[in-house]
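Working notes, structure below.
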Amino acid sequence: MIKHKKTLESYRNIAPPGTLDLLYKLAERLKKRSLLHINSTRLGGGVAEMLHRHIPLFNELGIDTRWEIIEGSPLFYQTTKGFHNALQGQFHPITSQMYEEYTKINQRNSRKIDFSSELVLIHDPQPAALISKKRKKSKWIWRCHIDISRPQRRVWRFLREYVSRYDGAIFSLPSFAQKLDIPQFLIYPSIDPLSDKNKELSQQEINSVLEKYHIPKDKPLIVQVSRFDRFKDPLGVIEAYRIVKEYNDCCLVLAGGSATDDPEGEEVLKQVKDAASKDKDIFILDLPPDSNIEINALQRSASVVLQKSTKEGFGLTVAEAMWKGKPVIGGAVGGITVQIIYGETGFTVNSVEGCAYRIRYLLNNPEVSRRMGEKAKEYTRRNFLITRHLCDYLAMMISVLKL
Ligand code: UDP
C-alpha cells in the first residue's frame, strides 16, 4: 500500500475526505507503469500550468512519468493556432502549405522523442500527428483541452484521421465529445490549491503586488487574468467596465501574458492597450510566465473576477478565483458553465451589458458577493482540485491498460 507520500499528504486536509485514500488505491494498480505526456509549450496557458503540477505527483504515486515538449516553427505555430481557432468554431483559412508544415514538424519531433512509455498522453492538436509512432504494445490517449463542440469541419476531418488511431480520447465536457470509434472519457481539468498561484497569501504579500503595479487599494478591483487571446474577449471586458464606471468608481485589471505556442498574443495586446489608452484606472499587465504570486494576489484583491470568454475549453482562471472565495462572472460558454452555478457561485453572461449589470450587482451587494464566494470555494474543493483530477487520470489509465 502506498502510504504517507510527502507532497500528496499535504492535500489530505484540503481535498474532500477519502480522496487521498482513493488515489493511493488506484495508484497501487499502476505501480511501476510508465506514462509520457507530450504537449507544445512548457510555459503559458492551462495545459502547461497543470502539467507542471501533475508530473511530480504522478511520480510520487509510483508511476514513472515524463513530460516532453514538441518544437515547432513560426509557420507551425501559426497553423496550430489556426487549428485552435477553427476547432473552436471560428473561420480560419488553413492552406495546403500549412497542413504540410504540421505533418513535417510532427515527423521531425517524432524522430527525437523517446516513446517507450506504456501509456502516451498527447495534449491538444499540436502533437496529435505523433500517433504515427505508436507501436502495438503501448496505448495512446488524445487529451483535448479546447471547446470542440462546433468545429470547422475541414480542420476536424484532417485531425480526426489522427485522433481515430488513438486508443481513447479525453474531453473536458460531454458536449465536446465527437463521433469517434474509440472510447471517450470525460475529465474536468483542475487547479492545485498548494501552488504559488493558489496558496494562501498574507495581506502584506498582496499589498506589495498592488504597490508594484501602482494599483490603488481604495477602489474595488475588477480582474480578468487571461492570455491576450480574442476568445477571452478582453475588449468586451473593457466595454463592460466602461458601463460600470459610469455608476461605480472602480479599477479594471487585465492581467495576461503570452504562451510560446500562441503567435496572436502581441496583436491582441496592442488592441487592448489602444482600447484602454486614456483611462488611468485600467491596468493592462503583460506579465512574465512565472508571475504566479502576482496573479494569486490580483485574484485575491478582486471584488469581482471576470472570465468573459466567448469560447472556453475549461477556464482554469475561473476555478482559481472561486478557490479564493470570489464570485466569478463568466461567458456562458464551454467549461465556464460547469464551474459557475448561476446565482449561486457567480453568474454566466451572454453580452457586454449583461456582464456590466452583474458586475454592478456584485459591487453593490458585498454580502451576497461574499456568500457566493464561499459557495464557490466549496464547489471548487469538491470538483476542481488536482487530487480529483489525478484520480480520474488513474482510473482512465487502469481502464485503457486493462489492469
Ligand atoms: N495565466 C498565467 N499568466 C497569464 C495568463 C494566464 O499564469 O498571464 C494562467 C492562469 O492563471 C491559468 C492559465 O494560465 O492558470 C490559463 O488557463 P485557462 O484554462 O484559463 O486558459 P488557457 O490559456 O489554457 O486558454
Original post:
Which whole-Hz couplings ³J(HN,Hα) result when phi for each residue of region 150-165 is put into the Karplus expression 6.51 cos²θ - 1.76 cosθ + 1.60, θ = phi - 60°, listed in order with x for Gly and Pro?
Top reply: 9, x, 5, 4, 5, 5, 5, 4, 5, 5, 4, 3, 6, 4, 5, 8
Subject >> Cut-off under 5 Å, modelled amide H: who pairs with residue 385 long-range >> reply: 191
Original post:
How large is log10 I(q)/I(0) at q = 0.08, 0.09, 0.11 Å⁻¹ when the Debye formula is applied to the Cα atoms of the chain, each weighted equally and without solvent?
Top reply: -0.42, -0.54, -0.81
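For residue 234, what is the net charge nearby, where nearby means another residue's Cβ is under 15 Å from its Cβ and Lys, Arg count +1, Asp, Glu -1? Could you put the intermediate results ahead of the total?
Numbers: positive: 227, 230, 232, 242, 270, 273, 308, 311; negative: 229, 233, 239, 262, 264, 266, 267, 274, 279, 286, 312.
Counting the neighbours of residue 234, the net charge comes to -3.
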**OP:** Enumerate the amide H contacts of residue 349 below 5 Å, restricted to partners 5 or more residues apart or on another chain; note that Pro and chain-start residues carry no placed amide H.
**Re:** 330, 331, 332
Original post:
Using mean Cβ contacts within 10 Å as the protection proxy, how do 293-299, 222-228 order, highest first?
Top reply: 222-228, 293-299
Original post:
With θ set to phi - 60° and the Karplus curve 6.51 cos²θ - 1.76 cosθ + 1.60, what are the ³J(HN,Hα) couplings of region 186-191 in order, to the nearest whole Hz, using x for Gly and Pro?
Top reply: 10, 9, 6, x, 7, 10
**OP:** Mind putting a number on the dipole of region 94-172 about its Cα centre? Charges go on the C-beta only, +1 for Lys and Arg and -1 for Asp and Glu, and I need it in Debye to the nearest 20.
**Re:** 300
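Over region 1-147, what is the relative contact order in percent, taking alpha-carbon pairs closer than 8 angstrom and at least six residues apart? Provide the component values of the computation, followed by the final result.
Details: 192 pairs, mean separation 35.8, N = 147.
Across region 1-147, relative contact order equals 24 percent.
Give, rounded to the nearest 20 debye, the magnitude of the charge dipole that region 1-97 has about its Cα centre when Lys and Arg contribute +1 at Cβ and Asp and Glu contribute -1 at Cβ. Write down the numbers at each step before the final one.
Values: 13 positive and 8 negative charges, 76 e Å.
Roughly 360 debye for region 1-97.
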**OP:** Taking H placed 1.01 Å from N in the peptide plane, check which residues at least 5 places from residue 185 or on another chain put their amide H under 5 Å from its amide H.
**Re:** 169, 170, 171
**OP:** In a Gaussian network model over the chain where Cα atoms closer than 10 Å are linked, find which of 22, 130, 30 has the largest mean-square fluctuation.
**Re:** 22
**OP:** Name the residue farthest towards the positive end of the dipole of the chain from the options 372, 333, 356, assuming +1 on Cβ of Lys and Arg, -1 on Cβ of Asp and Glu, about the Cα centre.
**Re:** 333
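If the only charges are +1 at each Lys and Arg Cβ and -1 at each Asp and Glu Cβ, what is the size of the charge dipole of the chain around the Cα centre, to the nearest 20 debye? Each step should come with its number before you reach the end.
Values: 60 positive and 47 negative charges, 301 e Å.
So the magnitude is around 1440 debye.
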Original post:
Any idea which of 202, 184, 90 is furthest toward the positive side of the dipole for the chain, if Lys and Arg beta-carbons carry +1 and Asp and Glu beta-carbons -1?
Top reply: 184
**OP:** Mind jotting down the distance between the C-alpha centroids of region 300-372 and region 222-289, whole Å?
**Re:** 16
Subject >> Cα lying deepest toward the dipole's positive end in the chain, options 271, 309, 283, charges on Cβ >> reply: 309
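What are the semi-axes of the equivalent ellipsoid of region 298-372, taken as the square roots of 5 times the eigenvalues of the Cα gyration tensor, listed largest first and rounded to whole Å? Provide the component values of the computation, followed by the final result.
Working: eigenvalues 59, 40, 20 Å².
Ellipsoid half-lengths, sorted descending, are 17, 14, 10 Å.
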Original post:
Where in region 144-169 does the amide nitrogen come within less than 15 Å of the point 7 Å from the Cα of residue 181, taken along Cα to Cβ?
Top reply: 160-168
Subject >> In degrees, nearest ten, helix 366-383 long axis to first principal axis of the chain (Cα) >> reply: 10
Original post:
If Lys and Arg each add +1 and Asp and Glu each add -1, what is the summed charge of the other residues whose beta carbon sits under 13 Å from the beta carbon of residue 89?
Top reply: +3
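Set the Förster distance to 35 Å, then compute FRET efficiency between residue 95 and residue 43 from the Cβ-Cβ distance, nearest 0.05.
Numbers: r = 28 Å, r/R0 = 0.81.
It comes to 0.80.
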Subject >> residue 132 versus residue 371: modelled label distance in nm, points set 7 Å from Cα along the beta carbon direction >> reply: 6.0
Original post:
Which ³J(HN,Hα) values, rounded to whole Hz and listed in residue order, are derived for region 343-355 from phi using the Karplus coefficients 6.51, -1.76 and 1.60 in 6.51 cos²θ - 1.76 cosθ + 1.60 with θ = phi - 60°, glycine and proline given as x?
Top reply: x, 10, 10, x, 9, 9, 9, 10, 8, 4, 5, x, 5
Original post:
What's the percent breakdown of Cα-Cα distances in region 345-403 across 10 Å bins, shortest bin first?
Top reply: 20, 29, 23, 17, 10, 2
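Read the figures in this text as sums done on the coordinates, not as results from a lab. Computed from a predicted model, the values in this text were never measured in an experiment. No Cβ is skipped: glycine too gets one built from the backbone with ideal geometry, and neighbour counts run over all protein chains shown.
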